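This report refers to the structure that appears directly beneath it.
The values are calculated or read from the model by the stated rules, or taken from the named source; none is laboratory data. This structure is a prediction, so every number in the text was calculated from the model and none was measured. As a convention, Cβ positions derive from the backbone with ideal geometry for all residues, glycine included, and neighbour counts pool all protein chains shown. The protein model used for the area step is the full one, side chains on, heavy atoms only, and it has no ligands, DNA or RNA in it. Shrake-Rupley method; radii C 1.70, N 1.55, O 1.52, S 1.80 Å.
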Amino acid sequence: MDKIDKMLLEKVSDLHKISLGAFNIRKNGQVLDRKTTKEIEIIPKKDKSGIDIIVKPNVQNKAVHIPVIITAGGLNDLVYNDFYIGKNADVTIVAGCGIHNATNETSTHNGIHSFHLAENSHVKYIERHVGEGKGKGGKILNPITKIYQKENSFMEIETLQLGGVTSSERKTFASLGENAHLDIQENILTENTETATTSFKVTLKGKNSKVEVVSHSVAKGDSYQEFKSNLIGKNECFGHVECDGILLNNARIISVPMIDALSSDASLVHEAAIGKIAGDELIKLMTLGLSEEEAEDVIIKGFLMG
């Protein structure tokens, strides 16, 4: 791996060195390196590009890294990854894609991830997107996430995209069983003429199922963001969606909510707030010696990173 490879891996998966756990590193459409363990198997698909990640039952406090890096222009990468999480397992999965494009040709990565959570399992899923390179070629990332949770399972999702990605379209579909809980935290920054669209469709099928979706977005320059959510309550359940956005310059953010209570015992809530940075916040920081631009950056970083 060269310096660019290492830089991208560090940004998308915190890999200064290869993890001692299971991992699969993909570069420019090909497997760069892979390691499987007795607790977590990584099996290449035979019929298409991608892998099956099998986490054995009762595995505790283990991690698997599956980053993708692209350093070539004109590449259209497509990969299918399926995760099978065993009963009572507890695992952290670190994914994401970094594109460094120094050419004038567009490079694209489309990752289709499906998660199958068995009873009482717990997954923390971290996905980061990074765009780098001074070439005029586009850096496009379009992830699709499908989630199937059985009873008493819990999944946490953290997604992070902090500028540099020309265009992204993120789609998430989930189906929750009895007492299943899904918690999603999304953080997106767009700049210049970048665009980002995210959509969530969550079906709360099981009794006492629960979903929390929190989206923090900042749009700068002439960039555009669109947030769509669709909660469907088919049982006694709770769903909450919160979309908060900050606008700067000529940017635009649209929030499109939809809630559908098919059961009288379903409780579904959507909240949205989009606006500019409060002037008193800027003034407070500027009295400490910061420029207006520096003050904006401090507020944005705190907003996105919590």
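Inspect all residues belonging to the range 139-160 and state whether any of them is open to solvent by 50 Å² or more (accessible area, probe 1.4 Å), of a type in the set (V, I, T) and closer than 18 Å to K11 by Cα.
No; the residues of the range 139-160 include none that is open to solvent by 50 Å² or more (accessible area, probe 1.4 Å), of a type in the set (V, I, T) and closer than 18 Å to K11 by Cα.
Could you check the range 91-118 and list, in sequence order, the residues that are open to solvent by 10 Å² or more (accessible area, probe 1.4 Å) and over 16 Å from the mean Cα position of the chain (by Cα)?
Those that are open to solvent by 10 Å² or more (accessible area, probe 1.4 Å) and over 16 Å from the mean Cα position of the chain (by Cα): H100, A102, T103, N104, E105, T106, T108, H116, A118.
Can you give me the number of residues within the range 258-306 that are in contact (Cβ under 8 Å) with a residue 60 or more places away in the chain and within 23 Å of the chain's Cα centre (by Cα)?
Residues that pass the stated criteria total 5.
Check whether at least one residue in the range 81-90 is more than 22 Å from Q161 (Cβ to Cβ), touching a strand residue (DSSP E or B) at 6+ places or on another chain (Cβ under 8 Å), of a type in the set (S, T, Y) and open to solvent by 70 Å² or more (accessible area, probe 1.4 Å), and report yes or no.
Looking through the range 81-90, at least one residue is more than 22 Å from Q161 (Cβ to Cβ), touching a strand residue (DSSP E or B) at 6+ places or on another chain (Cβ under 8 Å), of a type in the set (S, T, Y) and open to solvent by 70 Å² or more (accessible area, probe 1.4 Å).
Assess whether S291 counts as being out of contact with any helix residue (DSSP H, G or I) (no Cβ under 9 Å at 6 or more places or on another chain), open to solvent by 50 Å² or more (accessible area, probe 1.4 Å), farther than 24 Å from N192 by Cβ and not hydrophobic (A, V, I, L, M, F, W, C).
Against the criterion (out of contact with any helix residue (DSSP H, G or I) (no Cβ under 9 Å at 6 or more places or on another chain), open to solvent by 50 Å² or more (accessible area, probe 1.4 Å), farther than 24 Å from N192 by Cβ and not hydrophobic (A, V, I, L, M, F, W, C)), S291 does not qualify.
Considering only residues of the range 24-48 that are under 21 Å from the mean Cα position of the chain (by Cα) and of a type in the set (S, T, N, Q), which is most open to solvent (accessible area, probe 1.4 Å)?
N28
Yes or no: K201 of a type outside the set (A, V, I, L, M) and either over 19 Å from the mean Cα position of the chain (by Cα) or open to solvent by less than 10 Å² (accessible area, probe 1.4 Å) (or both)?
So K201 does not fit the description; no.
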